[in-house]
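Trainee: Mind having a look at this structure? Questions to follow.
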Amino acid sequence: MNSRFSTNVLSILSLAVLWEVAGRTLDSALIPPLSQIGAAWWKLLSSGKLLSNLTMSLATLAAGFFLAVLIGIVVGVLMGRFRAVEHFLDLYVNALMSAPMTAFVPVLILWFGLGVQSRIAVVFLFAVFVIIINTMTGVKQVDSVFVEMARSFGAKEKEIFFKIILPAAMPAIMAGVRLGMGRAVKGMVTAEMLLTLTGIGAMIMQYGSSFATDSLFAVILTILMVAMITMKLVQWVDQRLTGWKVEIAIE
Amino acid sequence: MIEIQGISKSFQKTVKNNSTELRALANVSLSIRENEFVSIIGPSGCGKTTLLKIIDGLIPCDSGGISINGKHVSAPGPDRAVVFQTFALLPWRTVLANVEFSLELRRLPKEERERTAREYLKRVGLADFENHYPHELSGGMQQRAGLARALAVNPMILLMDEPFGSVDAQTRQLLQEELLELWQRERKTVIFVTHSMDEAVYLSDRVVVMTPRPGKVAEVLDVPLPRPRLPDEVRRDPKFVDLTNYIWDSLKKAMENHHE
């Protein structure tokens, strides 16, 4: 853990140095040195512009992702438990899992307009299918001997679900949630760039088209940080819910 | 008293749209007395496990029936508990929580659950391991936890499905001795499925020899060895040696007849 952390720091530091040196040597507006990006980042932060946009983006992300987790787990569980539901839905889920979600943006504009609902819908669609598929797989792969054991001790269907199926499938569900989180961040930025220019997506478009590369990179780095922090957050929840599994993996 | 009357069971086996009927059990009858230790031995696939599951009420039979003290069995009940070959311990629960599982389903309050679970963990020698997870224990210890979980609900009948089949030979002998001690103290009816002739004779009052698929009762043998049985003495007893040899011959005969 510690050596991993120090290697991570080393990796970031060497990239930062390389970037700074390259920026200064090339002396091009296209690759500003890191120090200049940092200055631009600080300016955006202290003016309040970055935070207000970020708050708006994160609200969309939270709403869309929450819906995706909720509906993704419910649908995934139903598909994993009932073969009829699986066969009824798996065609669409599999198709939509790998379809480019950006193609649906015009449809969403028609349905939901240009407001926040559309952006939430994009985040939702980006994230939900990978959660459904992982949940379904997890539920289907629960060792039948556990179910048999529970039944033998007199468990009812409800108890079998909450005491056996759900905890046994939790590692797979959380894997889906983790992947869904990454996709949700992509959905958030996509929606803000393609739908209505709001949030940090709008800042990217604005600075990109006006060649303000230092501010542009500052926003991009902010998005990377958001992606990393949200991922850590999901990992933290995962660890709390399925710590038993991680222990096994370490051995 | 357990009455097994004319049990038959078939499974549909489907391979590439070809459905074939697989006869697991054919007309199995047997009666087992209270507090009796009965082993069921037979070649792989003779339906021993299927028979155990039918007695537990986990799967229905096609014809015939089971009754316990005159009451017909159609579903799992509080008078029976199973010890599984693969232990079936829940990996996300500690040993204590695993033993509590069977008690949770009986809706006992938390305090009573913990007290009972600890008591049975002590009896199987796992008192110091209640906070361990199953994967941190050896196979033998995992099965002790499985046994504690079954005993904790205080069943009349213990159904054991090759419980010591996946532990090493030394541990297996230890577990056999411990099981006999527990059985002598707690006085339960035990139906014990096994592959091992030695194990069947050492543990049982009677040994049921089954034929290959479809499983039928080939022979029911009394074990004329006095109890308590000291493991080393018993195994040197000529009656022990004769009986294991006899069972081996009986199994061979059953398998030869099957091939003809």
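Trainee: It is to be established whether one or more residues within the stretch B:106-122 are modelled with pLDDT under 95 and within 11 Å of chain A (Cβ to nearest Cβ).
Mentor: yes
Trainee: Could you say whether any residue in the stretch A:178-188 is without any contact (Cβ under 8 Å) to a residue 60 or more places away in the chain, farther than 21 Å from A:Leu221 by Cβ and more than 10 Å from chain B (Cβ to nearest Cβ)?
Mentor: Scanning the stretch A:178-188 turns up at least one residue that is without any contact (Cβ under 8 Å) to a residue 60 or more places away in the chain, farther than 21 Å from A:Leu221 by Cβ and more than 10 Å from chain B (Cβ to nearest Cβ).
Trainee: Still on this structure, please answer the following. Let me confirm something: among A:Ile229, A:Ile204, A:Ile164, A:Ile220, which residue is surrounded by 19 or more Cβ atoms within 10 Å (Cβ to Cβ), of a type in the set (Val, Ile, Thr) and away from every other protein chain (no Cβ under 12 Å)?
Mentor: Of the residues listed, the single one that is surrounded by 19 or more Cβ atoms within 10 Å (Cβ to Cβ), of a type in the set (Val, Ile, Thr) and away from every other protein chain (no Cβ under 12 Å) is A:Ile204.
Trainee: Quick test of your reading of the structure: A:Leu91 fulfils all but one of (1) more than 23 Å from the chain's Cα centre (by Cα); (2) at pLDDT 95 or above. Name the failing condition by number.
Mentor: Status for A:Leu91: all satisfied but (2).
Trainee: Select, from A:Val139, A:Val128, A:Val122, the only residue that is touching a residue at least 40 places away in the same chain (Cβ under 8 Å), more than 12 Å from chain B (Cβ to nearest Cβ), under 30 Å from B:Ile59 (Cβ atoms) and part of a helix (DSSP H, G or I).
Mentor: Unique residue meeting the criteria: A:Val139.
Trainee: Check off (1) buried (at least 24 other Cβ atoms within 10 Å of the Cβ); (2) touching a Leu at 6+ places or on another chain (Cβ under 6 Å) for A:Ile132 and give me the number that stays unchecked.
Mentor: (2) is the only condition that A:Ile132 fails.
Trainee: So in the stretch B:125-176, with the set limited to residues that are touching a Ser or Thr at 6+ places or on another chain (Cβ under 9 Å) and basic (Lys, Arg), which one is nearest to the other protein chains (Cβ to nearest Cβ)?
Mentor: Restricting to residues being touching a Ser or Thr at 6+ places or on another chain (Cβ under 9 Å) and basic (Lys, Arg), the top hit is B:Arg149.
Trainee: Test A:Ala16 against the criterion of being farther than 30 Å from A:Gly180 by Cβ and in contact (Cβ under 8 Å) with a residue 40 or more places away in the chain, and give yes or no. Break it down stepwise before answering.
Mentor: Numbers: farther than 30 Å from A:Gly180 by Cβ: yes; in contact (Cβ under 8 Å) with a residue 40 or more places away in the chain: no.
Spelling it out, it is not the case that A:Ala16 is farther than 30 Å from A:Gly180 by Cβ and in contact (Cβ under 8 Å) with a residue 40 or more places away in the chain.
Trainee: Can you pull out every residue in the stretch A:204-232 that is under 21 Å from A:Arg183 (Cβ atoms) and touching a residue at least 24 places away in the same chain (Cβ under 8 Å)?
Mentor: Matches in the stretch A:204-232: A:Val219, A:Leu221, A:Thr222, A:Ile223, A:Val226, A:Ala227, A:Thr230, A:Met231.
Trainee: Another question, then. Which pairs have Cβ atoms under 7 Å, sit 6 or more apart or on different chains, and link a residue in the stretch A:100-115 that is in a loop (DSSP other than H, G, I, E, B) to one that is not basic (Lys, Arg)?
Mentor: Going by the 7 Å Cβ cut-off, the qualifying pairs are A:Leu114/A:Leu195; A:Leu114/A:Thr196.
Trainee: Still on this model: Under the condition of being at the interface with another protein chain (Cβ under 10 Å from one of its Cβ atoms) and without any contact (Cβ under 8 Å) to a residue 60 or more places away in the chain, which residue from the stretch B:54-86 is farthest from B:Gly6 (Cα to Cα)?
Mentor: B:Gly77
Trainee: Moving on. Does at least one position in the stretch B:15-34 carry a residue that is more than 14 Å from chain A (Cβ to nearest Cβ) and under 19 Å from B:Phe164 (Cα atoms)?
Mentor: Among the residues of the stretch B:15-34, not one is more than 14 Å from chain A (Cβ to nearest Cβ) and under 19 Å from B:Phe164 (Cα atoms), which makes the answer no.
Trainee: Now, a different point. Determine, yes or no, whether A:Val128 is among the hydrophobic types (A, V, I, L, M, F, W, C) and closer than 19 Å to A:Met228 by Cβ. I'd like the intermediate steps shown before the answer.
Mentor: Values: among the hydrophobic types (A, V, I, L, M, F, W, C): yes; closer than 19 Å to A:Met228 by Cβ: no.
No; evaluated as a whole, the condition is false for this residue.
Trainee: To continue, here is another question. Residues in the stretch B:51-89 that are outside the structural domain of B:Leu175 (by TED's automatic domain parsing) and of a type in the set (Ser, Thr, Tyr): how many?
Mentor: 1
The values are calculated or read from the model by the stated rules, or taken from the named source; none is laboratory data. Predicted, not measured: the structure shown is a model, and the values here were computed from it. Please note: Cβ atoms are built from the backbone with ideal geometry, for glycine as well, and neighbour counts cover all protein chains shown.
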